[in-house]
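Below is one structure; the comments refer to it alone.
Where a number appears in this text, it was derived from the coordinates with a stated rule and is not lab data. Not measured: the values here are computed from a predicted model. Positions of Cβ are backbone-derived with ideal geometry, glycine not excepted, and every protein chain shown enters the neighbour counts.
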Amino acid sequence: MKLIDRTPFFQDGQISATDRLKAMWKYGASWLKEVEAQAVAIEALEKGLARGYTLLRNITLAGLDIEIPLILVGPTGIYVLYVTPLRGTYRARGEEWGPIEGESFRPARVNLLRRTARLGRAVQVYLQKQGFSDLPPVEAVLLCADPGLIVESARPIVRVVQRDALERFAVSISQGRVVLGAERVQQIVNRLLNPLPPPTPQFKAPAAPVTSATPPAPAASAEPYVPPFALPPDLQPDAAPETPAVLPEAPAASPFDRYPEMPPNESPSAPAPEAERLDLGFQFMEEASTGEAISAPARPQPVAVAVRPAARAASVRPAPAVRRRSMTTGQVIVILLLVVIQCAIFAVAAYLLWPYFAP
């Protein structure tokens, strides 16, 4: 089995104290334990797998911000392996994952079954985007590196292999049905390590206009316009015959014209003649000159309401003053005690962790 190790901060399987601190700061304190557990699983896989298999360790796929712990590629398929260093009794039922304390089950904060399944799905989608659409499904497997971990499995969403069954798991992989050739395996490994660049958009040039072989016919030249009066007498157009003017017909006689009490062109609603309007206006002018003009009705004046000084003062009240509170002596003493206790905790932690970081 060929091993390609891309684990950060490790050089020849060793990590310095400075790199250990950087790794804990970036990945968390449990990351180093998972790397040590991976070494146990790799040793078991090397015993059961022969040539033709390639194991990729802690590689980061293009477009993902997480590392895939172990990817095994071989003639029998593609496997995504997640190794856990946990200890104790756990239950794996469907998507449920958590410890069992006595007879009670408590879901774990980090569901390793879902995490392993998502890693396998991520690798499957990545390979499809790289052009491998005819590959078999990627199998996600959860491996237990500590013999003290006991898992009660009941149809979990991913396969769970305990510590005492790691060697048998490797043998079962090598005895599986061959689905990938040696060349195909090498292509998959190359795409996992060196992905294809994204395609660049190509812009098509506009098509050239199609020109005909025969030249277009010249346009007919328009003759200049000549007014009729400028033409000679023999070329002037004949005058059009005059049409007699059509006069409007007189309106038909109204049946009301026979009544003498209603003279023609008068009606009860007809406006008064101009002379009558002038006489009426003159009459108004005379009335205005004599002082008998009709005046418009006076508008009501607003009534002023007096406001008492006491009510006005009650409506506008100053904002209450903000009282500032100061810390009491007891509160200051409690804060000083908390600071002293925090410093003591830091000192004890530094004393306990110093042997791990000492050169």
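Report the full-extension gain for the segment R155 to M24: residue separation times 0.36 nm, less the Cα-Cα distance, to one decimal in nm.
Details: separation 131, 0.36 × 131 = 47.16 nm, distance 3.44 nm.
So the chain would gain 43.7 nm between R155 and M24.
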Treat each spin label as a single point 7 Å out from the Cα along the C-beta direction, and report the A62 to S104 distance in nm.
-> 5.1 nm
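Cross-link list K22/K129; K2/K129; K47/K129; K22/K47: which exceed 31 angstrom alpha carbon to alpha carbon? Spell out each step's value before the answer.
Values: K22/K129 33 Å; K2/K129 25 Å; K47/K129 33 Å; K22/K47 33 Å.
Where the Cα-Cα span goes over 31 Å, the pairs concerned are K22/K129; K47/K129; K22/K47.
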Given H placed on each backbone N at 1.01 Å, which residues far from V179 in sequence or on other chains put an amide H within less than 5 Å of it?
-> T76, G77
Note, the range 151-159: 3J(HN,Hα) by Karplus (6.51, -1.76, 1.60, θ = phi - 60°), whole Hz, Gly/Pro = x, goes 10, 8, 8, 9, 6, x, 6, 10, 6
R51/Q128 FRET efficiency (R0 22 Å; Cβ-Cβ; nearest 0.05) = 0.20
The set of residues whose placed amide H lies less than 5 Å from the amide H of L3, leaving out same-chain residues fewer than 5 positions away, is L55
Charge dipole of the range 2-193 built from unit charges on the beta carbon (Lys, Arg +1; Asp, Glu -1), centred at mean Cα; most positive-end Cα among V151, A92, V185 is V185
Quick one: which residues, 5+ away or cross-chain, put their amide H under 5 Å from the amide H of V151? H built at 1.01 Å from N.
-> Y90
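Would you tally the net charge around P69, using a Cβ to Cβ cut-off of less than 14 Å, leaving P69 out, and scoring K and R as +1, D and E as -1?
Numbers: positive: R6, K33, R57, R115, R118; negative: D5, E34, E36, E67.
My count for the surroundings of P69 gives +1.
Order the peptides 16-25, 111-120, 184-193 from the highest to the lowest mean number of other Cβ atoms within 10 Å of their residues. Write out the running numbers ahead of the final one.
Working: 16-25: 13.6, 111-120: 19.8, 184-193: 16.4.
The most tightly packed comes first, giving 111-120, 184-193, 16-25.
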In debye to the nearest 20, the charge dipole size for the range 2-193, taken about the Cα centre with +1 at each Lys and Arg Cβ and -1 at each Asp and Glu Cβ, equals 360 debye
Between beta-carbons, use under 12 Å as the cut-off and find the net charge around I59, counting Lys and Arg +1, Asp and Glu -1.
-> +1
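So how do 46-54, 141-149 stack up, highest first, on mean other-Cβ count within 10 Å? Intermediate values should be presented prior to the final figure.
On the way: 46-54: 15.6, 141-149: 19.3.
Highest mean packing first, the order is 141-149, 46-54.
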Least to most buried among D12, D5 (fewest other Cβ within 10 Å first) | D12, D5
Residue farthest toward the positive end of the dipole of the range 33-156, with Cβ of Lys/Arg at +1 and Asp/Glu at -1: which of A62, S104, S133?
-> S133
How large is ³J(HN,Hα) for each residue in the range 59-65, as worked out from phi by the Karplus curve 6.51 cos²θ - 1.76 cosθ + 1.60 (θ = phi - 60°), to whole Hz, x for Gly and Pro?
-> 9, 10, 6, 5, x, 10, 9
Put in order of increasing Cβ neighbours within 10 Å, starting from the fewest, Y126, Y27 give Y27, Y126
